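K.L.:
Take a look at this one; I'll ask things after.
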Amino acid sequence: MDSLGTKIRRQRRRLGLTLDELAGRTSISKPYLSLIETGRVPNPPSDEKLRRLEQTLGFPTGELLTQAHLQRTPRDVRAVLNKLLSEQKERTEDERQRTQDSGLRTESKTEAKKTTAAVGLSPQSSVLSPINLDDAYLTGVLHQLVESTAANVERVTTNAAPIINRVSAGYPKDFTDLSYPKGVADDYVSCPDLHDKDAFGCRVHGDSMTPKYREGDIVIFSPAASPRNGDDCFVRFGDGQTTFKRVFFETNPSGQSVLRLQPRNEKYPPRVVPSEEVHGLYKAMYRYQRVDEE
């Protein structure tokens, strides 16, 4: 299976588009598109970006999204799913043998063939063929298996927030990890009084928010909270870049609504941006830091 970047680049070239033209049509920066195509981004682009690429490049709806979701699936989870598929194949083969032994050669046998083909069995033998987890995912067989076993999974309610990456307290940088599958992250932090299922945490990078926040601190942000003037917020721009700043809602002399992104470190100047350039504004709710560091 081609990588996501290879698939996007091949389709772009097939349509005769340059990176500049694709950037203009999708509102995704040219440097970031180049990183995607060459496979130099640590994680797949966000679902929003992938939908724009699908529409602009003429991919079937969901093709890039499905492949990206598979790519984000951690190895340990893939191992569990692989085991489930193996068990499913064995059950399917047992059922096929029972069907043959009982002399049912018509409709039941036809259905058994369909099932064995779906999970990768060879209809001519009882030997299990190798499992292709990617094919199982992309064809929908894996989704069916997960749904069929979901009833046996104990669901545990928790308010642990995923720590999904680091956010720059200096210059904005591309940040695509908000598109992680829910519950998949680098680490987790429990927040007893935080009641937001979409809350997430980031590690601070840079010194523009000192002295209140230091590099390495973990800050928990809540998309459900409404930011107010002077709140410290995770700011996400339309091109996927992010930053961590104190936010003020203002109007410039021409009457345009703008946001002033104010560092807490006085040696850094504020940045003023039009409100429409900001696609996400998430209020900081908790800060975790080591107490044995000066």
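The values are calculated or read from the model by the stated rules, or taken from the named source; none is laboratory data. Predicted model only: the values in this text are computed from it and were never measured. All Cβ positions, even for glycine, are placed from backbone atoms using ideal geometry, and neighbour counts span all protein chains on display.
K.L.:
Select from the range 219-272 the residues that are among the aromatic types (Phe, Trp, Tyr) and either within 16 Å of Asp207 (Cβ to Cβ) or free of Cβ contacts under 8 Å to residues at least 12 places away in the same chain (or both) and list them in ascending order. Steps first, answer last, please.
P.N.:
Filtering the range 219-272 for residues among the aromatic types (Phe, Trp, Tyr) gives 221, 234, 237, 244, 248-249, 268.
Within the range 219-272, Phe244, Tyr268 meet the criteria.
K.L.:
Could you look through the range 18-41, keep only residues that are in a loop (DSSP other than H, G, I, E, B) and free of Cβ contacts under 8 Å to residues at least 40 places away in the same chain, and pick out the one that is surrounded by the fewest Cβ atoms within 10 Å (Cβ to Cβ)?
P.N.:
Applying the first criterion (in a loop (DSSP other than H, G, I, E, B)) to the range 18-41 yields 18, 27-29, 38-41.
Imposing the further condition that a residue be free of Cβ contacts under 8 Å to residues at least 40 places away in the same chain reduces the set to 18, 38-40.
Details: Thr18: 11, Thr38: 12, Gly39: 11, Arg40: 9.
In this case the residue turns out to be Arg40.
K.L.:
Another one. Looking at Tyr213 and the list (1) aromatic (Phe, Trp, Tyr); (2) farther than 18 Å from Val247 by Cβ; (3) crowded, with 19+ Cβ neighbours inside 10 Å, which single condition is not satisfied?
P.N.:
Going through (1) aromatic (Phe, Trp, Tyr); (2) farther than 18 Å from Val247 by Cβ; (3) crowded, with 19+ Cβ neighbours inside 10 Å one by one, Tyr213 breaks only (2).
Table: residues versus (1) in contact with a Ser or Thr (Cβ under 7 Å, 6 or more places away or on another chain); (2) modelled with pLDDT under 85.
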position: Arg25; (1), (2): yes, no
position: Ile36; (1), (2): no, no
position: Pro42; (1), (2): no, yes
position: Leu64; (1), (2): no, no
position: Gln71; (1), (2): no, yes
position: Asp76; (1), (2): no, yes
position: Val80; (1), (2): no, yes
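K.L.:
Which of (1) in a loop (DSSP other than H, G, I, E, B); (2) surrounded by fewer than 18 Cβ atoms within 10 Å (Cβ to Cβ) is the odd one out, the single condition Pro44 does not satisfy?
P.N.:
So Pro44 meets the others, but not (2).
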